[in-house]
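Chemist: Starting off with a structure, shown below.
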Amino acid sequence: MVFTNLAHLCSHLNNVSKARLALTSIPNTKMHVKLCLAFQREGLISSVIRAGRSPPPQHLLLGHPTMEVINGVPSIEPVTQSNIASRRLWLGLKYWQNEPVLGHLSAVSKAKRKITLDTAGLRRVLRGERSDMVQGLRNPGECLFLITDQGLMEARECLEKNVGGLVLVRVN
Amino acid sequence: MSVTRPVRCLFCRFSRPTYAVPRVPRRQFHPSPAPLSNDQNPKDPKTQEDKMAGKKLLVDIERDAKPEDFKPLTQKEKEYLATVYSPKQMESIEAGEAAIDPKDLAEQFAFQRGPLRHHYADDFASIEPGVDKHVRAPISNTDYNAKLKSEEDFIEDFGRFFAEMPEDVSASDWVRFVEGLRVTHGKPENELAPHSSLVPDLFQPGESLEQEEPKEPRPEVVTTGKVKEGEGMDPTLRKLLMATGYTESFVNSLKTKVLVRRSVVNQTRLGKIRKASVLAIAGNGKGLLGIGEGKSAEFVDAVTQARYRAIRNMQPIPRYEQRTIFGDVRGKVGAVELILMNRPPGFGLRCQHLIYEMCLAAGIHDLAARVERSRNPMNTVKAAYEALMSQRNPEEIARARGRKLVDVRAVYYSGRAY
């Protein structure tokens with residue numbers, strides 16, 4: 001797990017949403033895929049598509065990047081040894097009333113210092129209290145994403161499944 | 001309302017001009033009854049006209065009230081009241097009636113004034129749309145065996161009309177026939193005044209379900225206009241009222257406070273020009289807050305300027321449970337950086353005096369604040385205002401994300417947390 005990539009992702013998405021872009025691409029890594037899918041589950045971004053260097057086609061009505069239609073079937077190009085180097089993740093970003101839905105991202109764990117939270121600490125954080133190095137979630141809609149042995153999840157989902165893990169990013 | 005009504009409408013079409021008021025209730029698109037006259041402005045030409053026409057003004061009615069106008073309850077009225085009230089209550093009603101002398105009533109009779117007054121004169125004998133609850137026709141009016149008349153029945157009806165037609169037939173005979181023409185067999189009430197569990201239509205003023213016959217129009221009452229507002233009022237205040245649409249009493253009820261006052265100097269080649277600069281806040285204690293700056297040669301003028309500008313700038317501030325803020329918010333103006341933090345009920349306002357005053361004016365009761373870096377008073381107020389306005393509404397967040405957000409406190413206390 002490369003934490004510098006995570007920091008790059010955070011600052012890139014912050015820059016992109018400040019510029020009010022509808023579409024952006026990030027390097028294709030396993031952690032990025034998991035994190036972006038977690039964002040999508042939370043409704044922070046509209047779509048995640050793996051494609052080449054050129055952007056995938058737009059959705060006819062919604063405008064976000066979508067799967068290519070090959071022979072009438074929406075499908076994505078399979079990843080092979082020859083094209084894996086050119087694969088990127090294309091994210092459709094959301095805006096509501098001229099404000100980005102994906103707010104400010106900040107990496108919690110750094111390359112130099114990884115921060116883990118157990119369920120007791122997670123409970124404190126979700127109640128709005130500070131736990132070790134993690135500030136409580138005190139704003140409406142604030143999210144914390146953790147990687148656990150059951151996958152990458154939002155903090156509330158972690159607590160539901162009663163698992164702790166490594167804290168990745170905080171979305172405000 | 002009823003399926004038969006539109007059909008009746010169709011048949012009643014010719015009879016319309018014979019009635020002063022429309023017989024078929026028509027939906028009003030606003031719930032307030034039309035005022036009897038414009039009682040706001042004495043210079044209104046309509047009021048003047050009414051005066052010239054010799055119509056009674058409210059003042060005249062009040063002055064001309066005589067003891068004979070206040071008659072004791074008749075036996076019939078008492079019998080009716082006895083159906084509604086218990087014998088004990090009836091005793092107290094009678095005792096109350098006996099205790100008040102009609103002479104006193106006549107002397108002290110006055111129409112209600114002030115904000116709770118009626119904007120119309122009402123004898124309370126008829127249904128007013130939007131004011132009164134509707135009287136529904138009794139369920140016994142319903143006839144479940146009613147059947148629509150067939151074509152032959154109609155032919156028979158028309159044939160009877162032509163057969164029984166008098167020699168000198170007039171249009172009114174025809175109108176009367178069409179009015180009386182039934183479209184169903186069965187109980188007549190089922191067609192004319194049917195019971196419906198649906199919400200009844202709103203009526204025209206003065207119309208009721210019970211009385212289909214048009215009533216005599218009520219005596220028109222003209223209320224006098226009150227003393228013209230703004231007589232002897234400060235011109236700046238009048239301007240403020242005109243710009244904002246607030247009433248004078250509302251403006252007086254606002255909480256305003258001067259937070260920053262200082263003397264500023266403009267250096268010109270002729271010398272220093274001193275001026276007073278003031279920053280004031282205004283709020284209604286229920287979520288409205290505004291800040292205003294004023295500058296003038298005199299402090300007094302600067303203060304009024306700042307106060308009125310604050311009132312003009314008042315904007316609603318989101319309040320969680322009408323006591324604290326949504327989340328922790330940050331504000332930054334110049335070198336002043338501050339953070340306002342929401343707190344549980346009963347926490348109080350634990351913050352510095354400027355933010356305390358702002359919360360007091362806005363109606364925030366639980367809050368903590370920290371002012372970092374610079375603590376310039378003027379910029380602190382502005383930064384706090386900016387922070388309060390930058391709150392995010394959870395409902396908006398939910399809509400933006402397309403996910404459901406639930407306020408757990410509201411669920412736990414079933415929406416009665418405040």
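The values are calculated or read from the model by the stated rules, or taken from the named source; none is laboratory data. Not measured: the values here are computed from a predicted model. Cβ sites come from the backbone with ideal geometry, for glycine too, and all protein chains shown count toward neighbours.
Chemist: Could you please find all residues in the stretch A:136-171 being surrounded by fewer than 16 Cβ atoms within 10 Å (Cβ to Cβ) and either within 14 Å of the chain's Cα centre (by Cα) or not acidic (D, E) (or both)?
Modeler: Within the stretch A:136-171, A:Q150, A:G151, A:R156, A:K161, A:N162 qualify.
Chemist: Of all residues being assigned to a strand (DSSP E or B) and not aliphatic (A, V, I, L, M) in the stretch A:103-132, which is surrounded by the fewest Cβ atoms within 10 Å (Cβ to Cβ)? Just the residue, please. Lay out the reasoning, then the answer.
Modeler: At the first step, the residues of the stretch A:103-132 found to be assigned to a strand (DSSP E or B) are A:105-107, A:116-117, A:131.
Then keep just the ones that are not aliphatic (A, V, I, L, M); that gives A:106, A:116, A:131.
On the way: A:S106: 12, A:T116: 15, A:S131: 19.
Within the stretch A:103-132, the match that is surrounded by the fewest Cβ atoms within 10 Å (Cβ to Cβ) is A:S106.
Chemist: One residue is enough: does the stretch B:313-325 have a residue meeting the conditions in contact with a Cys (Cβ under 8 Å, 6 or more places away or on another chain) and farther than 15 Å from B:L259 by Cβ?
Modeler: no
Chemist: Oh, and also: Output the number of the condition that B:Q322 fails; it satisfies all remaining conditions of (1) in the same structural domain as B:L254 (by TED's automatic domain parsing); (2) touching a residue at least 24 places away in the same chain (Cβ under 8 Å).
Modeler: Condition (1) is where B:Q322 drops out.
Chemist: Name the single residue that is farthest from the other protein chains (Cβ to nearest Cβ) among those in the stretch A:137-157 being touching a residue at least 40 places away in the same chain (Cβ under 8 Å) and in contact with a Leu (Cβ under 9 Å, 6 or more places away or on another chain).
Modeler: Here the residue is A:I147.
Chemist: List the strands (runs of 3 or more DSSP E) that sit entirely inside the stretch B:297-410 and contain at least 2 residues that are on the phi < 0 side of the Ramachandran plot and of a type in the set (V, I, T).
Modeler: Working: elements: B:329-333, B:336-342, B:367-373.
In the stretch B:297-410, B:329-333, B:336-342 are the strands (runs of 3 or more DSSP E) which contain 2 or more residues that are on the phi < 0 side of the Ramachandran plot and of a type in the set (V, I, T).
Chemist: Looking at B:E357, B:E337 in this structure, which one is crowded, with 16+ Cβ neighbours inside 10 Å, touching a helix residue (DSSP H, G or I) at 6+ places or on another chain (Cβ under 8 Å) and more than 14 Å from every other protein chain (Cβ to nearest Cβ)? Working first, answer last.
Modeler: On the way: B:E357 fails: touching a helix residue (DSSP H, G or I) at 6+ places or on another chain (Cβ under 8 Å).
Among B:E357, B:E337, only B:E337 is crowded, with 16+ Cβ neighbours inside 10 Å, touching a helix residue (DSSP H, G or I) at 6+ places or on another chain (Cβ under 8 Å) and more than 14 Å from every other protein chain (Cβ to nearest Cβ).
Chemist: Show the residue pairs that are 6+ apart or on different chains and have beta-carbon atoms under 9 Å apart, the first residue being within the stretch A:96-112 and away from chain B (no Cβ under 11 Å) and closer than 12 Å to A:F145 by Cβ, the second being charged (D, E, K, R) and part of a strand (DSSP E or B).
Modeler: Filtered contacts from the stretch A:96-112: A:L105/A:R170; A:S106/A:R170; A:A107/A:R170; A:V108/A:R170.
Chemist: Separate question: Which number in (1) within 14 Å of chain B (Cβ to nearest Cβ); (2) closer than 20 Å to A:F39 by Cα marks the one condition that A:E129 misses?
Modeler: For A:E129, the exception is condition (2).
Chemist: So which residues in the stretch B:373-415 are over 30 Å from A:E154 (Cα atoms) and not polar (S, T, N, Q), if there are any at all?
Modeler: B:R373, B:R375, B:P377, B:M378, B:V381, B:K382, B:A383, B:A384, B:Y385, B:E386 - these are the residues of the stretch B:373-415 that are over 30 Å from A:E154 (Cα atoms) and not polar (S, T, N, Q).
Chemist: Residues being charged (D, E, K, R), in contact (Cβ under 8 Å) with a residue 40 or more places away in the chain and in contact with a strand residue (DSSP E or B) (Cβ under 7 Å, 6 or more places away or on another chain): count how many of those fall in the stretch A:33-71.
Modeler: 3
Chemist: What single numbered condition from (1) within 14 Å of chain A (Cβ to nearest Cβ); (2) crowded, with 20+ Cβ neighbours inside 10 Å; (3) over 17 Å from B:L288 (Cβ atoms) fails to hold for B:F347?
Modeler: Here B:F347 clears every test but (2).
Chemist: Please return the ranges of strands (runs of 3 or more DSSP E) entirely within the stretch A:28-76 where 3 or more residues are within 14 Å of another protein chain (Cβ to nearest Cβ) and under 12 Å from the mean Cα position of the chain (by Cα).
Modeler: A:45-51
Chemist: A further question follows. Output the residues belonging to the stretch B:305-334 that are farther than 18 Å from B:R375 by Cβ, surrounded by 19 or more Cβ atoms within 10 Å (Cβ to Cβ) and away from chain A (no Cβ under 14 Å).
Modeler: Once the filter is applied, which keeps residues that are farther than 18 Å from B:R375 by Cβ, surrounded by 19 or more Cβ atoms within 10 Å (Cβ to Cβ) and away from chain A (no Cβ under 14 Å), the stretch B:305-334 yields B:Q305, B:A306, B:R307, B:Y308, B:R309, B:A310, B:I311, B:M314, B:I317, B:R323.
Chemist: Given the condition within 14 Å of chain B (Cβ to nearest Cβ) and not in a strand (DSSP E or B), answer yes or no: does some residue in the stretch A:85-95 qualify? Step through it out loud before you land on a result.
Modeler: First pass over the stretch A:85-95, keeping only residues within 14 Å of chain B (Cβ to nearest Cβ): A:92-95.
Now restrict to residues that are not in a strand (DSSP E or B): A:94.
Yes, there is a match, as at least one residue in the stretch A:85-95 is within 14 Å of chain B (Cβ to nearest Cβ) and not in a strand (DSSP E or B).
Chemist: Where residues in the stretch B:141-169 are hydroxyl-bearing (S, T, Y) and without any contact (Cβ under 8 Å) to a residue 40 or more places away in the chain, which of them is surrounded by the fewest Cβ atoms within 10 Å (Cβ to Cβ)?
Modeler: Filtering the stretch B:141-169 for residues that are hydroxyl-bearing (S, T, Y) and without any contact (Cβ under 8 Å) to a residue 40 or more places away in the chain, the one surrounded by the fewest Cβ atoms within 10 Å (Cβ to Cβ) comes out as B:Y144.
Chemist: So B:N41 passes all but one of these: (1) within 30 Å of B:S249 (Cα to Cα); (2) modelled with pLDDT under 75; (3) surrounded by fewer than 12 Cβ atoms within 10 Å (Cβ to Cβ); (4) of a type outside the set (S, T, Y). Which condition number does it fail?
Modeler: Result: B:N41 passes all but (3).
Chemist: Considering only residues that are more than 7 Å from chain A (Cβ to nearest Cβ) and touching a Pro at 6+ places or on another chain (Cβ under 8 Å), which ones fall in the stretch B:391-404?
Modeler: B:Q391, B:N393 - these are the residues of the stretch B:391-404 that are more than 7 Å from chain A (Cβ to nearest Cβ) and touching a Pro at 6+ places or on another chain (Cβ under 8 Å).
Chemist: Then there's this: Quick check: is even one residue across the stretch A:78-86 touching a strand residue (DSSP E or B) at 6+ places or on another chain (Cβ under 8 Å), in contact (Cβ under 8 Å) with a residue 12 or more places away in the chain and surrounded by fewer than 14 Cβ atoms within 10 Å (Cβ to Cβ)?
Modeler: Yes - at least one qualifying residue is present in the stretch A:78-86.
Chemist: Could you tell me whether the stretch B:369-376 includes any residue that is buried (at least 16 other Cβ atoms within 10 Å of the Cβ) and not polar (S, T, N, Q)?
Modeler: Yes - at least one qualifying residue is present in the stretch B:369-376.
Chemist: Are any residues in the stretch A:41-87 more than 30 Å from A:E99 (Cβ to Cβ), touching a helix residue (DSSP H, G or I) at 6+ places or on another chain (Cβ under 9 Å) and of a type outside the set (G, A, S), and if so, which ones?
Modeler: Result: A:R53, single match.
Chemist: Filter the stretch B:95-118 down to the residues that are part of a helix (DSSP H, G or I) and within 34 Å of the chain's Cα centre (by Cα) and list them by number.
Modeler: B:G96, B:E97, B:D104, B:L105, B:A106, B:E107, B:Q108
Chemist: Against the condition within 14 Å of another protein chain (Cβ to nearest Cβ) and closer than 24 Å to B:S277 by Cβ, how does B:A387 come out, does it pass?
Modeler: Against the criterion (within 14 Å of another protein chain (Cβ to nearest Cβ) and closer than 24 Å to B:S277 by Cβ), B:A387 qualifies.
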